[in-house]
């Protein structure tokens, strides 16, 4: 019958009336920019993460740039970032005036590690962007112990749990989220958030998102026009109470894959020791990945290679990544493949996926 890579519609079926009500509420209020829905969602999402402050912005990329600037990153600084990630993780650094410095990953978790970060630290390092890739959790505390500030790129990790039971969003100096529609917590358009327990950092971020101004009269910095809008905030507020249940569904789907014997056919992603990922993507590895792609295509199984060309090999990053050697990143880029994952992925669908994988030989 085929299995889609994502299923973003089924989890929302039961929420449609509540979502319509939230949209109507915003229409009736005639408040569309930085109104009560955004303020409420900022409080609610920050509390969910375990952080003191939330700052809603237009998207996850702006969230990284604004958070870095609020952390004091600027010209002459270096920011360590993995290359096996979505392009925006690195793209957000040059607008601050800082230099991206690419580091390698742990080949099993796909996240940065203490060792890969330590290898590229210099006296100019101002911050490390620890990407919680695919919903896994990077070892933030261990990286902070190296004496450097950590910005969590948690765009794919809403609902995940760190080894100590805390959530991404409250593990580092600050964290950033994307609410792109396919994310674990998705809006009906673009949206982003910065979370932090540093009051001064949060206030800087609020100023930067609003043209560098507190009051639209006095402009203290060259900032951005980057604000989460009321409609998206209202939609996200409806969904937030269901995030943990959806995260459990993603974890259950991962267990189904293991129980169905997928690990005998491909290499499964390994969670950081003690962590409980809410898998945004379920990414496997296979030395003959093209053959695997063909088998899945023939069976109507959704699949996608996300980062065949690592960020440091992209043309726009040649200035900073042209001669960098990252062997684990290159291996992951060659061998990885995302297969179906959603909060409602059934055991029957998993069995269909595994059968297609087995047919690849």
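The values are calculated or read from the model by the stated rules, or taken from the named source; none is laboratory data. In this text, all values refer to a predicted model and were calculated from it rather than measured experimentally. Heads up, the Cβs are rebuilt from the backbone with ideal geometry, glycines too, and the neighbour counts pull from every protein chain shown.
Identify all residues within region 333-349 that are surrounded by 23 or more Cβ atoms within 10 Å (Cβ to Cβ) and farther than 23 Å from residue 158 by Cα; write none if there are none. Of everything in region 333-349, nothing turns out to be surrounded by 23 or more Cβ atoms within 10 Å (Cβ to Cβ) and farther than 23 Å from residue 158 by Cα.
Within region 53-76, can one find any residue that is on the phi > 0 side of the Ramachandran plot, touching a residue at least 40 places away in the same chain (Cβ under 8 Å), surrounded by fewer than 18 Cβ atoms within 10 Å (Cβ to Cβ) and in the same structural domain as residue 224 (by TED's automatic domain parsing)? Within region 53-76, one or more residues are on the phi > 0 side of the Ramachandran plot, touching a residue at least 40 places away in the same chain (Cβ under 8 Å), surrounded by fewer than 18 Cβ atoms within 10 Å (Cβ to Cβ) and in the same structural domain as residue 224 (by TED's automatic domain parsing).
When the test is whether a residue is modelled with pLDDT of 95 or more and over 20 Å from residue 326 (Cα atoms), residue 133 does not pass it.
Restricting 22, 47 to residues that are surrounded by fewer than 22 Cβ atoms within 10 Å (Cβ to Cβ), closer than 22 Å to residue 240 by Cβ and within 23 Å of the chain's Cα centre (by Cα) narrows the list to 47. Screening residue 327 with (1) without any contact (Cβ under 8 Å) to a residue 60 or more places away in the chain; (2) more than 21 Å from the chain's Cα centre (by Cα) gives one miss only, at (1). Per this entry, residue 21 is not counted among residues that are in the same structural domain as residue 213 (by TED's automatic domain parsing), closer than 30 Å to residue 345 by Cβ and touching a strand residue (DSSP E or B) at 6+ places or on another chain (Cβ under 7 Å).
Take residue 206 and decide whether it is closer than 15 Å to residue 54 by Cα, modelled with pLDDT of 95 or more, touching a strand residue (DSSP E or B) at 6+ places or on another chain (Cβ under 7 Å) and buried (at least 18 other Cβ atoms within 10 Å of the Cβ). In short, yes. Counting only residues that are surrounded by fewer than 24 Cβ atoms within 10 Å (Cβ to Cβ) and part of a loop (DSSP other than H, G, I, E, B), which one in region 83-103 is farthest from the chain's Cα centre (by Cα)? Looking at the filtered set, the residue picked out is 97. Of the residues making up region 243-250, one or more are surrounded by 22 or more Cβ atoms within 10 Å (Cβ to Cβ), touching a helix residue (DSSP H, G or I) at 6+ places or on another chain (Cβ under 8 Å), at pLDDT 95 or above and under 25 Å from residue 169 (Cβ atoms).
Let's see how each residue does on (1) in the same structural domain as residue 131 (by TED's automatic domain parsing); (2) without any contact (Cβ under 8 Å) to a residue 40 or more places away in the chain; (3) part of a loop (DSSP other than H, G, I, E, B); (4) crowded, with 19+ Cβ neighbours inside 10 Å:
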| residue | (1), (2), (3), (4) |
| --- | --- |
| 274 | no, no, yes, no |
| 279 | no, no, yes, yes |
| 294 | no, no, no, no |
| 308 | no, yes, yes, no |
| 316 | no, no, no, no |
| 323 | no, yes, yes, no |
| 331 | no, no, no, no |
| 355 | no, no, no, no |
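Only one of the numbered conditions (1) assigned to a strand (DSSP E or B); (2) closer than 28 Å to residue 219 by Cα is violated by residue 150, and that is (2). Filtering 172, 165, 189 for residues that are assigned to a loop (DSSP other than H, G, I, E, B) and farther than 21 Å from residue 242 by Cα leaves a single hit, 172.
Identify, please: which residue in region 220-242 is out of contact with any strand residue (DSSP E or B) (no Cβ under 7 Å at 6 or more places or on another chain) and within 15 Å of residue 207 (Cβ to Cβ) and is, among those, modelled with the lowest pLDDT? Among residues in region 220-242 that are out of contact with any strand residue (DSSP E or B) (no Cβ under 7 Å at 6 or more places or on another chain) and within 15 Å of residue 207 (Cβ to Cβ), the one modelled with the lowest pLDDT is 221.
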